[in-house]
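Scroll down for the structure; my scribbles are underneath it.
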Amino acid sequence: MSQIKSSQITPEHLYLSRRRFLVGAGALVASTVLFGACRTGVPEPPDLPPPSPGTDELGDKITPYKDITHYNNFYEFSLEKEDVAQLAQNFQTSPWTVTVGGLVRQPQTFDIDDLRRRFPAEERIYRLRCVEAWSMVIPWDGFPLAKLLEVVEPKAEAKYVRFESLYDPKQMTMREIPFEWPYVEGLRLDEARHNLTLLATGIYGRPLLPQSGAPLRLVVPWKYGYKSIKSIVKIDLVEEMPLPFWVNQSASEYGFYANVNPAVSHPRWSQASERRIGETKRRPTLLFNGYDKEVALFYQAMDLEKLF
Ligand SMILES: Nc1nc2c(c(=O)[nH]1)N[C@H]1C(S)=C(S)[C@@H](COP(=O)(O)O)O[C@H]1N2
Ligand SMILES: [Mo]
C-alpha cells in the first residue's frame, strides 16, 4: 500500500492543482481511500460473470464488474474515483428525459423508457482509455447514436453534435469546486454518426448504475474517456464546434478531438503506454485505442499533433 504513489490515487486531470481543491472541498476530498479498500455504506456489487466470450476482439479480458462500477471519473460527485459509487448511489435517474434539438427538422424530448423501447440495446465490448493513462474493457449495452440522429433529421447546416449532462447541485455532491458546469462534450457530425459511437444504457447486461452515467451516457471508444459524457439531458445539432468541459478548463492540455494517440503526449505525461485496471505491467497504447481500421479515414488529412 505504501508503494502506491499519490499520482495513482489522484485524478491526473488535477494532479498539480490538487491543493486548491483540497482547500475547497475539505473533508470530502481528504477522505481518500485506496482502491479496493472496504467502504462502509457502499452496497457490495455482485460478482457478475463477464459476458461470453469474456474478451474483446483483441483477446483482452473484460474488466470485472466491481472495478468498472467502483473506479469512476464523475466530477459532479467527487474527484476521487473510489468515492463516486457511494456518493452517487441515491442519484435519481428516473423519471428522465433527453431533449434533442438545435439544427434538426424534428426536435423532440424523449422519455428514457421510450428511448429504450424504441432502440433495443445491443452489446458492444469496447476498450475505454482515460486521458489519465488507465484503461478498462467494458461490455456496454446500448444503441448507436446514429439511430437517434436519424429520427430527428439533422439539417444541412448541422456540423457538430453538442451534449450536456445534468447538473443538479441538490443531488450532485461537488458543489464547491470551481468548474463551469454543466459537463459538456461534442463530436463532429461524421464521428457522431459512426457505428461505433454508442448511447449506452447498461453494462454487463444490467441497467447503468448512477456512477457509470445512468440512465444514458455516450461511449466513443477511439477517443479519450472524457468524450464519453455521462447522464445526458440535452443533445443539440450545431454549426459551430462546441466547447467541451475539459477544453474549457485547460485548452493547452485537452483538445476537442481527443483521439487516443500514443505519439502525442499530454503536456504533463506520456500517452505511449497505459495501466489496464487489474494488470500490473503497463501496456502500449494503441493508435485510436485499437479502432484505427474503423476510424483512421476520418483523420487522414488532419495534423493530429495540432488537432489533438
Ligand atoms: N458528466 C460527466 N461525464 C464524464 C465525466 C465527468 O466527470 N462528468 N468524466 C469522464 C471521464 S474523464 C472518463 S475517463 C469517463 C469515465 O467513465 P467510467 O467512470 O464509467 O469509467 O467518463 C467521462 N464522462
Ligand atoms: Mo478520463
Query raised in the report: Counting only residues that are more than 21 Å from Ala133 (Cβ to Cβ) and small (Gly, Ala, Ser), which one in the range 202-212 is farthest from ligand 2 (Cβ to nearest atom)?
Result: Gly205
Report summary line: Among (1) hydroxyl-bearing (Ser, Thr, Tyr); (2) open to solvent by 10 Å² or more (accessible area, probe 1.4 Å); (3) within 15 Å of the chain's Cα centre (by Cα), Ser78 falls short only on (2)
Requested in this report: Among what's in the range 196-227 and is among the small types (Gly, Ala, Ser) and within 11 Å of Glu123 (Cα to Cα), pick the residue that is nearest to ligand 1 (Cβ to nearest atom).
Outcome: Ala200
Query raised in the report: If you go through the range 160-179, how many residues are of a type in the set (D, E, K, R) and closer than 14 Å to Phe77 by Cα?
Result: 4
Query - Residues (aliphatic (A, V, I, L, M) and under 18 Å from the mean Cα position of the chain (by Cα)) located in the range 147-169 - result: Val161, Leu166
Query - Test: residue in the range 96-105 that is within 15 Å of ligand 1 (Cβ to nearest atom), more than 17 Å from the chain's Cα centre (by Cα), open to solvent by less than 40 Å² (accessible area, probe 1.4 Å) and farther than 27 Å from Pro262 by Cβ - result: yes
Requested in this report: Only residues that are touching a Lys or Arg at 6+ places or on another chain (Cβ under 9 Å) and of a type in the set (A, V, I, L, M, F, W, C): list them for the range 273-289, please.
Outcome: Leu286, Phe288
Query raised in the report: Which residues, counting only those in the range 138-178, are open to solvent by 50 Å² or more (accessible area, probe 1.4 Å), within 24 Å of Trp222 (Cβ to Cβ) and within 15 Å of ligand 1 (Cβ to nearest atom)?
Result: Arg162
Report task. Keeping to the range 106-137, report how many residues are assigned to a strand (DSSP E or B) and open to solvent by 20 Å² or more (accessible area, probe 1.4 Å). Result -> 8
Query raised in the report: What number of residues within the range 50-77 are more than 16 Å from ligand 2 (Cβ to nearest atom) and in contact with a Cys (Cβ under 9 Å, 6 or more places away or on another chain)?
Result: 0
**Report entry** Any chance Glu157 is part of a loop (DSSP other than H, G, I, E, B), within 22 Å of Gly186 (Cα to Cα) and either touching a strand residue (DSSP E or B) at 6+ places or on another chain (Cβ under 7 Å) or of a type outside the set (Phe, Trp, Tyr) (or both)
**Finding:** yes
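The values are calculated or read from the model by the stated rules, or taken from the named source; none is laboratory data. Keep in mind that this is a model prediction, so the values were computed, not measured. Note: ideal-geometry Cβ built from the backbone for every residue, glycine included; neighbour counts use all protein chains shown. When the accessible area is computed, the model is the full protein with side chains, heavy atoms only, and any ligands, DNA or RNA have been set aside. Shrake-Rupley method; radii C 1.70, N 1.55, O 1.52, S 1.80 Å.
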